[in-house]
Amino acid sequence: RIDIHIIHIMHKVLAWPTDKILLCCYLSRRLNQLSSHDPLWKRHCKKYWLISEEEKTQRNQSWKAIFISTYSDLGRYIRYYATLKKAWDDLEKYLGQRCPRMIGSLKESVQEEDLDAVEAQIGCKLPDDYRCSFRIHNGQKLVVPGLMGSMALSNHYRSEDLLDIDTAAGGFQQRLGLKQCLPLTFCIHTGLSQYMALESVEGRNKYEIFYQCPDQMARNPSAIDMFITGTSYLEWFTSYVNKVVTGGYPIIRDQIFRYVHDKECVATTGDITVSVSTSFLPELSSVHPPHYFFTYRIRIEMSKDALPEKACQLDSRYWRITNAKGDVEEVQGPGVVGEFPIISPGRVYEYTSCTTFSTTSGYMEGYYTFHCLYYKEKFFNVTIPRFHMVCPTFKVSTARMVSEDAVETNHNEYAVDEDEDSTDTDEYEDRHRVLDIPAPSGRCPRHT
């Protein structure tokens, strides 16, 4: 005979999972009594369902009753619910103080039968982490700004909405190149979407999330390359939320802008500090031909403790731009984005610009030349810190690989080996000369 108090301590210290507690009910009357002890269920209600004391009071039920009733509804999502619910709660709390209009666009949750109906409609099973998220919120209305981030240049704007389940099902793809892919987001300005692969077909991994990137050099319209943004819905959504709520993505004009700031990418010259954030734009990029488009946001700030006579005006800029091959381009010109900002103590000036690379990565660095307003003949340079730009992992379309195999069969004297997941553009450029395809002309202007 084991003392009931000792068993209670074993449960509490060992933190037995719910299935073990339930099994105890069938071993003996004493263990049945112990397994029904309400405090044992409190921990599991908080761990798996994030039930608070306040919510328990409102529901006027025991912890065990709350756990069982919640499990009967959401039990299949017990691995994901707490993580996704916390992500949604953190996002709502953070944006509620900064972008209340965006929070107002969120839709109420859907029920199991709604998700089952969508599966029947598209003929594919939805992953449990995706289903679980929609049991908390059914995406958002098609509004601007979108929940999944924005990006703006002077002549280009993107804002992605998180699609509700019915809109996503309506956009389910069965065509070649995007076979069995479900859209997760949509931008009403550019038509851009992030897709989730519901099956392992056309070179994609199951539940992989990506931006589509049509192959502009292939004759086959189903040749669609992919910029990978996530390996699962859970990882994709929670990593995005974490960047938002930790300040990794700035809030500008009530929108989430997906600029990434490296905390080491800051340089101070005297009283002036320059910092840089960058972002990759998949909708303006391509793998074939290799054209990778990046935008960067620069912040120039003079210390509020600087003396008034330190006020100055920006005259010119100098850039040293290096791609992954080590090729260097130098750019020098008056002002920035057509302006000659005046910087004074405590004042901040920010601007957005862009650049492109023919390689998958590169970096920029340089300096600004200022003159003092009080001593007009005094000029000095302010360092712009080196900042790196790297495109996300991408996959080459299997349709391109098939067509290239056909070309290589007809031109075997020019055969080139290719790794399907390679981001090495050297291979592409060698093959580019073999096929005698005209080189892509022009580059993006160095400022917008």
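Quick one: would you say Asp271 is farther than 19 Å from Ser150 by Cβ, touching a helix residue (DSSP H, G or I) at 6+ places or on another chain (Cβ under 7 Å), at pLDDT 95 or above and open to solvent by 10 Å² or more (accessible area, probe 1.4 Å)? Judged against the criteria, Asp271 is a match. Against the numbered list (1) open to solvent by 30 Å² or more (accessible area, probe 1.4 Å); (2) without any contact (Cβ under 8 Å) to a residue 40 or more places away in the chain, Asn323 comes up short only at (1).
For the range 38-53, residues that are under 20 Å from Thr83 (Cα atoms) and either over 33 Å from the mean Cα position of the chain (by Cα) or in a helix (DSSP H, G or I) (or both) total 10. Evaluate the range 60-68: report whether one residue or more is open to solvent by 60 Å² or more (accessible area, probe 1.4 Å), in a helix (DSSP H, G or I) and polar (S, T, N, Q). No: zero hits. Each residue in the range 366-393 was checked for being free of Cβ contacts under 8 Å to residues at least 60 places away in the same chain and open to solvent by less than 40 Å² (accessible area, probe 1.4 Å), and 3 pass. Being at pLDDT below 95 and surrounded by fewer than 18 Cβ atoms within 10 Å (Cβ to Cβ) is not true of Val348. If the condition is being part of a strand (DSSP E or B) and either out of contact with any Ser or Thr (no Cβ under 9 Å at 6 or more places or on another chain) or surrounded by 20 or more Cβ atoms within 10 Å (Cβ to Cβ) (or both), then the range 205-226 contributes Ile209, Phe210, Tyr211, Gln212, Cys213, Ile224, Asp225, Met226. Evaluated against (1) in a strand (DSSP E or B); (2) open to solvent by 20 Å² or more (accessible area, probe 1.4 Å); (3) touching a helix residue (DSSP H, G or I) at 6+ places or on another chain (Cβ under 7 Å), Glu202 falls short on exactly one condition, (1). Comparison of Asp421, Asp426 shows that the only residue that is farther than 17 Å from Phe280 by Cα, open to solvent by less than 80 Å² (accessible area, probe 1.4 Å), in a helix (DSSP H, G or I) and at pLDDT below 95 is Asp426.
Scanning the range 73-98 for residues that are among the polar types (S, T, N, Q) and modelled with pLDDT of 95 or more returns a single hit, Thr83. Within the range 53-77, residues that are closer than 17 Å to Ile136 by Cα sit with their Cβ atoms under 8 Å from residues that are open to solvent by less than 60 Å² (accessible area, probe 1.4 Å) and not in a helix (DSSP H, G or I), at 6+ positions apart or across chains, in these pairs: Thr70/Ile51; Tyr71/Ile78; Leu74/Arg135; Tyr77/Arg135. Out of Glu283, Glu235, Glu264, one residue alone is open to solvent by 20 Å² or more (accessible area, probe 1.4 Å), under 12 Å from the mean Cα position of the chain (by Cα) and not hydroxyl-bearing (Ser, Thr, Tyr). It is Glu235.
The values are calculated or read from the model by the stated rules, or taken from the named source; none is laboratory data. Just so we're clear, the structure is a prediction, and the values are computed from it rather than from any experiment. Backbone-built Cβ (ideal geometry, glycine too); neighbour counts: all protein chains shown. Each accessible area value is taken on the protein alone, full model and side chains, heavy atoms only, with ligands, DNA and RNA left out. Shrake-Rupley method; radii C 1.70, N 1.55, O 1.52, S 1.80 Å.
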